[in-house]
Structure formats: structure tokens, C-alpha cells
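> This is the structure I have questions about; it appears just below.
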Amino acid sequence: MRSLKEKIAAAVYKGIERIAPSAAVPENEIVTYLAYPPDGKMGDIALPCFRFAKALRMAPPAIAAALADGFCCEGVASVETAGGYLNFRIDRGALLERLYGQISSQDKPYGSSDIGAGKTVVLDYSSPNVAKPFHIGHLGTTVIGHSLKKMHEFAGYKCIGVNHLGDWGTQFGKLIVAYRKWGSKQAVEEKGIDELVALYVRFHEEAEKEPSLNDEARAAFTALEHGDPEMTELWRWFIDISIKEYKKTYKQLDIEFDYYTGESFYTDKMPAVVEELKEKNLLSIDDGASIVDLEAYGMPPCLILKRDGSTLYPTRDIAAAIYRKKTFDFDKCIYVTSAGQSLHFAQWFKVLELMGRDWYNRLVHVPYGTVSLNGEKLATRTGNVVLLKDLFAEAIEKAAAIMAEKNPELAGREDVAESVGIGAVVFYYLSANRMRDINFVLEDALNFDGNTGPYAQYTYARTCQILKKAGEFKPGPYDLNDDEFELCKTIALFPETFDQALAEYEPSIITRYVLDLCAAFNRFYHNCPVLTAENESVKAQRLALTECTNKVLSSALELICVRHPEKI
């Protein structure tokens, strides 16, 4: 109810000017004081007047009484006092009339905004390590990142999605050694990334018995760093195989990136960073390594160069940020990685500040919790992973079996099963606050009952079928009963819910709203017949509520990367 709360705040502000002209109470603060009472008997929107006691030099009950006297605001049916509170009752018919007018028009999606108009956001997310499988440990950065991209687009920003591939480092020395010792071109071409993973796992098994393999791997990577043709050819081949495999998963998630610029892209851009740090006397030597001392800021030193002169993650990230600012002139650059990297980001953000980059505060790290599998930590080198392609396949298979039983005549069942199955996994992940550690239990993720993705998708499909059967209708005048009004209020909450999710970089706020909206609609649907309503006026009113639910649910599911077929 973003606009209604703003109208109430404006009316309250005028009331304060009337009763205490000299009081300094900003109108934009009043909006933040308005709340939704837990009990409908206390009104639809409440204002605690003790917030104004100091500025107005009056007791809260007296403030409430003075503001209620002569209060007038479009969309508010009545106002009551309860001690130091003002309780507002919404004009039910006016609320639905305004909502339907806004939502049914195609000019602009309801709940969207233009706060990002003319601004650019770069989002760095997903970023798997090349030659390693796409497993559930990558799901967080991928779906949180893409959801944030959709949210920023919904708010009017120009968004640039970057997949910062982990395509550089000693792991490639290990893979090259493993391939040359135990691999074959035929096996890699036939099995793709699965064969690369098997070689990587075997390297660590063999290195446990023969530690000298690690020296061979370091030597191989050093040769790659110096441009050895054979090493470079193998490295590029591994990257091509990996991206080809990753794109299959991205296609299932409806994700496309604007750029696949991995760590190696910034190799020739790092010397300038090191030179600038030297020129600004920010580098010091510690046990042979080049560091930026951050002790004064309560952080360990930021490592820039190893003892052998090779670069590290901070060096690459600083070079990447400088390149992105120069190339895209971003207003924000968002990094979606695990919470375990929070210190890393805080360190190199501080280094950029010390370098004099005044845009350092436009860099945003969005952390998320870890994922374990049935209580065990994921690890590629031990093979303790569940690949996303296998997880998706299992989810799709289950969805297909359920639909074959419930709707055997459904056209395009394979595509719908993919939407429902993958939607179940994504919705499950985005249901929890992103900072929570998740113990991924397959049975829970693929549960198609209760507060799940399929439940939300079935609700959306239900609204589609109702509207399809109804045909054209013209609602109004409006007279809402309690169930209709509760649904109407829930629909009206979408804009400010979206605002909160965007401000907090928190997709789970949208996911929880989806569940609230589905619950409100299904209660309404159960208690208020739509197509068989008692008369045409009531039927049209309920169809208007159904259409509003349909469009808002569509937008909300889109924001959390969940497909929503019209028929299931």
C-alpha cells in the first residue's frame, strides 16, 4: 500500500502543521511510522503518536485526538483513536478500484519503480570454477544473483550480468598434469566436464600417495602463466568444455549473461594495479610477499603478490573493479558470493578507497550462507556433491509423474514438468533468508505439498484458468466482504514488499510474499465462488481480484526466477 501510506502520511503532516506549526516532523519519516496492526479490530493501518510527543510537546493520546479531529484522506474510510494510536480504516471499494486500475493497465507492471532510471548496475554472480561441476553449492550465487538482477531491472536500472569464471589458478596445473598422465582426448570429448572432474578427483587421490605431483602441478601452471603453447591450448579447451556444460544449466534456469569474463581476462590489467599501489606507497613487504597493511582498519593485511611475484584474488578483483568502472561507469557493482568471503571483499574494497577511488562505496558484497548435503560439507575433490543437472532431472521426473496422475491430458507436459521441477528447487532455496546456512535435503526440496514452488505455480495456473473461462468482464461498483478485502490488502502490499526486498538485497522477502498471496487467494477462492457468484456484479468484482492476483503473482514469481506455466 505504498501510495496509500504516502497519502496518509501527507494528511498527518498537514494535521501536525495545523496543531503545532513550529514542530519539525519530516513528512517522509511519518511514512516509516505507519504499521499494519496484527489484529484487524485495531484498524488496517496504525500510527503510534508517541513518535511525535517530543517534537509537539504533547501527550500521545492528545496528539491522536487532535489529528483525528477533521482528518480527511482519500482512500481512508474512517479514523479512530486508541490511547496514543491513530487507527485508519481503509475504504475497501476505493482500494480495489485503485488497484484494479493500476494492475489491469499494461503501461507499467504494478509494484515496479523508476528509482534506477538512468543508472547502471553491474552484477557479478554464479562464477563457477572452470572444469568443475555445477553442483548445489553454486545454486546460491546463481539464483540469488539472477533474482537481484531481475529486481534491479524491475526498479528501472540498466543491468549488466557478468559471469566472473574461475578460469585461472593452480587447479589448472593439477588438471593439466592429471590429463597428461591419465586422460585421453576421446574420453574428454565423450564425457565432457564429468571426465575433467574425474581427473581432478584422481589427481588429489594420487597426490596423497605421491606429494611430488603437487610440484608438477605448480610447474605446469607456471608454464601456463608464461604462455606455454601446449598448456594454453589445453587450458582453453577445458574452458570451452566447461562453458558449454554450464550453459545447459543456465538455459534451464532462463539465465543469460552479458559477459563471461573470468579471472584470466584481467591478467594484463593487474601490473598497473601493482604499480599504482607502489606509487602511492601502499605496498609493503612481509616475509617476501607484497601486502597492503590494514591493521589500522581492524583487518589483516591484504595480500597483493605472493613471494614468487604471482597475483592473488584481491589483485584480480581490484583490477576487475577498475576495468568495470571505466567500461560501464556503474552506479553500483554487486558481488554475490558466500559469507565466507566477506573479509576478502572488505579488504580489497578498503584498498580501493586507499587508492583514492571515490566510487569504492558503490561496491556491494551480497553474502549468503553455506550449503551442506545431508549435514556433510560439499567438496569436489572428494566427490561429495550433488550435480545440479542430476538434481533438476530428479525434480523434473517427479513433477512429470505427479502431472501424469493428476492431468494425463495436459498438452506440453514435458515443458511444464521442467518448469515445475526446477521451480521447486529454486523456490526451496530462495525461501530462506540468504544468510542462513542450508542443509540441502532432497526430499524436502522436491516436496510438492505445503509452502513450496509447485503450490505457488498451481495457484497461478488456477487464476489463469478462471480468467480464461470467464472471458470479458467489467467490474464496479465494489463492495468487498472480509475474505475479498484480506486478499485485496495482500495484493496492495506488493510494492512496498518489493521495495524492502530491493533495499535489503533479499529475494526471500519476495518468496514469502508469494506464499502469503497464494494463501490469501486460496482462502478467497474457497470461501467466495467466482464463476458461480450470486450475481454478475459480485462475479465481476471477484474476477477483478483474480486478475490482480494473477498479474502480481506473475511478477513476483518472475523476480525469484520461477517459471509459471498457465496450465499444470
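Throughout, read-outs are computed from the coordinates displayed, never taken from laboratory work. Just so it is clear, the structure is predicted and the values come from calculations on it, not from any experiment. A quick note on method: Cβ atoms are made from the backbone with ideal geometry, for glycine too, and the neighbour counts reach across all protein chains shown.
> For the chain, take the longest principal axis of its alpha carbons; what is the angle in degrees between that and the long axis of helix 536-559, to the nearest 10 within 0 to 90?
Taking the Cα atoms of the chain, the angle to 536-559 is about 20 degrees.
> Using only Cα atoms, find the angle between the long axis of helix 342-354 and the longest principal axis of the chain, and express it within 0 to 90 degrees, rounded to the nearest 10.
90 degrees
> ³J(HN,Hα) across region 155-171 via Karplus (A = 6.51, B = -1.76, C = 1.60, θ = phi - 60°), whole Hz, x for Gly/Pro?
Listing the rounded values in order: 8, x, 6, 7, 10, 10, x, 10, 9, 7, 4, x, 10, 8, x, 5, 4 Hz.
> Between rounded, prolate and oblate, where does region 443-529 land on the alpha carbon gyration tensor, with a ≥ b ≥ c its root eigenvalues, rounded for a/c under 1.5, else prolate if a/b exceeds b/c?
Taking the square roots of the gyration eigenvalues as a ≥ b ≥ c, region 443-529 is oblate.
> Right, another one. Restricting everything to alpha-carbon atoms, can you work out Rg to Rh for region 2-90 with a Kirkwood hydrodynamic radius?
0.92
> Below 15 angstrom from the Cβ of PHE50, what's the summed charge of the other residues (Lys, Arg +1; Asp, Glu -1)?
Cβ neighbours under 15 Å give a net charge of +2.
> Still on this structure: Summarise the long-distance tail of P(r) for region 231-282 by giving the % of C-alpha pairs beyond 14 Å.
Of all Cα-Cα distances in region 231-282, 69 percent exceed 14 Å.
> Going through region 418-511, which GluC sites (Glu not before Pro) have at most 12 other Cβ atoms within 10 Å and a DSSP loop state?
Listed in order of number, the matching sites are GLU472.
> Could you list LEU493, LEU67 in order of exposure, starting from the residue whose Cβ has the fewest other Cβ atoms within 10 Å?
Lowest to highest Cβ neighbour count: LEU493, LEU67.
> How big is the dipole moment of the chain about its Cα centre under a simple scheme where the beta carbon of each Lys and Arg is +1, that of each Asp and Glu is -1, and everything else is neutral? Debye, nearest 20, please.
In debye, rounded to 20, the chain gives about 840.
> On to the next question. Restricting things to alpha carbons, find the Rg to Rh ratio for the chain using the Kirkwood radius for Rh.
When Rh is taken as the Kirkwood radius, the ratio is 1.05.
> Quick one: which residues, 5+ away or cross-chain, put their amide H under 5 Å from the amide H of ALA155? H built at 1.01 Å from N.
Those qualifying (amide H under 5 Å, at least 5 residues apart or on another chain) are SER113.
> Let me ask you something else. What's the Cα-based Rg to Rh of region 401-559, Rh via Kirkwood?
A ratio of 1.00.
> Something else now. Please give every one of the lysines within straight-line cross-link reach of LYS247, meaning a C-alpha to C-alpha distance under 22 Å, and leave out same-chain neighbours fewer than 8 residues apart.
Here the lysines satisfying the reach criterion relative to LYS247 are LYS132, LYS149, LYS150, LYS185, LYS191, LYS389.
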